[in-house]
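Heads up, the thing below is written out as structure tokens.
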Amino acid sequence: MSSSLSQARGRQGSHSFGRILFRIKQGHFIDHERNLKPRMQRYRLQSSIQNTCPKRALDRTWFRQWGLTIILGTSVACGFVYVSWQHVRAVEIGYETEQIKQQIQHLDQEQRKLELERQRLLSPSVLENRARRQGMGLPQANQTIVIEHR
């Protein structure tokens with residue numbers, strides 16, 4: 001026995017159950033009932049036996065639950081992507097529709113303008129002025145031919 005162990009036993013007499021002794025790195029014993037704080041270094045029990053990890057049976061419900069969760073989550077995510085894509089496409093179509101409406105209004109305005117110009121150029125007064133500038137005039141009586149229709 002070490003000298004510190006014999007000193008500890010000599011002080012208390014026999015080992016009583018009310019007193020707990022801790023072993024410290026240097027081999028000293030400290031009485032824990034006297035509220036002395038042991039400066040203890042932790043020891044780990046070394047075992048020469050190596051235990052193998054037990055192999056658990058595959059839990060198919062776990063795989064089934066996670067598989068279902070992944071499938072449902074992917075479906076919901078795809079649904080959100082599809083709805084977002086539809087919304088973006090609807091906004092794009094709305095912008096295209098507005099552009100086409102503006103083009104139609106512009107073309108209608110241009111068509112009205114051209115129709116007015118056509119009507120103005122085909123008016124009898126404008127045609128008569130243009131004919132006079134080119135040297136034309138009303139036909140003489142001997143320049144007219146009458147065609148009879150039967």
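None of the figures in this text is laboratory data; all of them are computed from the coordinates on show. From a predicted model like this one, the values you see are computed outputs, not experimental measurements. Every residue, glycine among them, receives a Cβ derived from its backbone with ideal geometry; neighbour counts consider all protein chains shown.
Could you give the length gained on full extension between LEU122 and TRP62, defined as 0.36 nm per residue of separation minus the Cα-Cα distance, in nm?
Values: separation 60, 0.36 × 60 = 21.60 nm, distance 8.80 nm.
Net length gain for the segment: 12.8 nm.
Assuming a viscosity of 1.002 mPa s and a temperature of 20 °C, what translational diffusion coefficient in µm² per second does Stokes-Einstein assign to the range 66-150, Rh being the Kirkwood radius over Cα pairs? Let's see the in-between values first.
Numbers: Rh = 20.3 Å.
Reported coefficient: 106 µm²/s.
If I model a spin label at LYS55 and ILE70 as a point 7 Å from the Cα along the Cα→Cβ vector, what separation in nanometres do I get?
Spacing of the two 7 Å Cα→Cβ label points: 2.3 nm.
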